[in-house]
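Here is the structure we will look at, set down as structure tokens.
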Amino acid sequence: MPGDPRPIGVFDSGMGGLTVLRALLARLPHERFIYLGDTARLPYGTKSAETVQAYALQATRLLLDHGVKMLVIACNTASSVALYILQEAWAPIPVIGVIEPGARAGVAATRNRCIAVIATEGTVKGGAYARAIQRLMSGVEVVQQPCQVFVALAEEGWTESPVTLAAAEHYLGTLFRGSSAPDTLVLGCTHFPVLAGAIRKTVGGTVALVDSAETTAAAVAEALAGAGLDCSAAPGEGDRATRFFATDSPERFARVGAIFLGRPIDPQSVELVDLLAL
């Protein structure tokens, strides 16, 4: 039997969530996806919790209108303040966020019970990663470091430029020196995986890097199988095409998004949508 052929909806405030989509496409090649980037209203990290919740409800309503079988919130800010709202609003549709999978992977990776989390300023201030990690492991030390400049560097495609290496040293150099330094680093923003090379050069080869995109893809695969929603038969090539929606500038979405997705995006394939009309 082919299983459930309906697509999976993936939502982010912009393009960073395409790193999650990239991991999902690699992990679940038989599945179809619809990706929505709310590019007109990014960043979410500077908005109030109530505003982000309202945005997330609008975005996921559009995805549900297109018949998705599962929602993946590929945004750390939305995951931290809106996940439970979406789970209650759209039950029984499964809703998966990025924070819990990243926290679980960080706990599994640490050996010295000291975990660092890098994220945007809004995510760090909200403390969602620290709470999730401490729920899973008692006595763990969580060190949080906001790395706001990383977002702009990632969007410019400066993945291992001298400027990026200097920023990584500024944010992380001192933190990862000494015998008591964290042995695990959670990349707590979906922009950050594209900067993993520069981050690795700064923190060294022994620190475990936890990519929330990869761990979220694993959580989605597990949830699909557990709910009997996975699509086990390989669809035709046309059926596998991912649909893209953006709330502003499809051309910029395609150009910048290609950095995060790891492959070109045809601007003609990005549909402009108005979430305020929902």
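For the listed peptides 4-13, 79-88, a ranking on the average number of other beta carbons within 10 Å per residue, highest first, reads 4-13, 79-88. In order along segment 181-191, the phi-based Karplus estimate (6.51 cos²θ - 1.76 cosθ + 1.60, θ = phi - 60°) of 3J(HN,Hα) comes to 5, x, 9, 9, 10, 8, 7, x, 8, 6, 6 Hz; Gly and Pro are listed as x. Remark on residue 4: its backbone amide H falls under 5 Å from those of 230, 231, 232, a criterion applied only to residues 5 or more positions apart or on other chains, H modelled at 1.01 Å from N.
Which translational diffusion coefficient, to the nearest whole µm²/s, is obtained for segment 1-122 from the Stokes-Einstein equation, given a Kirkwood hydrodynamic radius over C-alpha pairs, 10 °C and 1.306 mPa s?
Details: Rh = 15.2 Å.
Rounded, D is 105 µm²/s.
Let me make sure I get this right: for segment 116-246, a, b and c are the square roots of the gyration tensor eigenvalues over alpha carbons, sorted descending. Under 1.5 in a/c it's rounded, otherwise prolate if a/b > b/c, else oblate. Which is it? Don't jump to the answer; show the numbers that get you there.
Numbers: a/c = 2.25, a/b = 1.45, b/c = 1.55.
Oblate, since a/c reaches 1.5 and b/c is not below a/b.
Taking all Cα-Cα distances within segment 17-79, those exceeding 18 Å account for 38%.
Read-outs: derived from the displayed coordinates by stated rules, not from any lab. Because the structure is a prediction, the values reported are computed rather than measured. With ideal geometry, Cβ positions are generated from the backbone for all residues, glycine too; neighbour counts draw on all protein chains shown.
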